[in-house]
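Notes follow the structure.
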Amino acid sequence: MSTRTSSRPAGCASGTRAAAHADAPPQLAEARVLRQFRQILNLVRTHFQQVEKKAGIGGAQVWALAVLRDAPGIGVTELARRMDIHQTTASNLVRGLARAGLVRAERKGSDRRTVQLHPLAAGLRVLEQAPGPFAGRLPQALQSLEPALLARLEADLGALLTVLQTDARSARLPLAVISMANSLNANDLHS
């Protein structure tokens with residue numbers, strides 16, 4: 001049961017402060033919202049820089065390793081589903097992890113096309129070095145929001161994405177890949 005007394009997450013502006021901003025010129029509101037996006041993007045980028053520095057591999061690879069640790073024996077399709085990424089991206093992550101000696105892919109059962117993925121001891125050691133949360137701080141924060149607030153955020157961001165006319169395919173890229181565009185580990189790339 002939640003101990004929150006307000007529908008606002010910790011750190012949100014109070015109702016009085018929000019009301020004062022409602023009368024501000026639109027340009028000021030745009031600047032404040034832009035600053036909020038900058039803070040979020042900086043937090044995401046900084047987290048994944050720390051992950052890469054401590055673990056020695058990209059953040060998306062660390063996340064994939066964590067998923068495989070928690071569900072050994074799953075295949076690439078299930079890995080992609082659990083990470084909410086494109087299957088090709090998951091395949092490329094697995095390929096890089098296997099080349100680095102961090103995971104093992106084995107074919108078992110009657111359908112020899114099906115691959116089961118298992119983290120190796122070296123992969124588990126990498127996870128011990130990596131700072132969490134493995135999926136990233138933004139997904140962790142979103143999980144902590146109350147459902148009504150999350151629904152409002154989804155609707156509002158949907159309206160913004162419509163105005164921006166974004167490429168929907170980018171929605172299936174891991175945040176670690178997007179945030180580290182200038183210092184990508186080649187194994188994190190999607191095709």
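List of remarks:
- Label zone at Leu149 (point 7 Å along Cα-to-Cβ), backbone N below 16 Å, the range 36-55: 40
- Net charge of the neighbourhood of Leu43, taken over other residues with C-beta under 14 Å away and scored Lys/Arg +1, Asp/Glu -1, is +4.
- Label-zone membership for the range 50-86, site Leu161, 7 angstrom Cα→C-beta point, backbone N under 14 Å: 84-86
- Put a dot 7 Å past the Cα of Ala121, heading toward its Cβ, do the same for Leu28, and the two dots end up 6.3 nm apart.
Rule-based calculations on the coordinates, nothing more; no lab input. Every value quoted in this text rests on a predicted model; they were computed, and no experiment measured them. Counting neighbours? That spans all protein chains shown, and the Cβs are built from the backbone with ideal geometry, glycine included.
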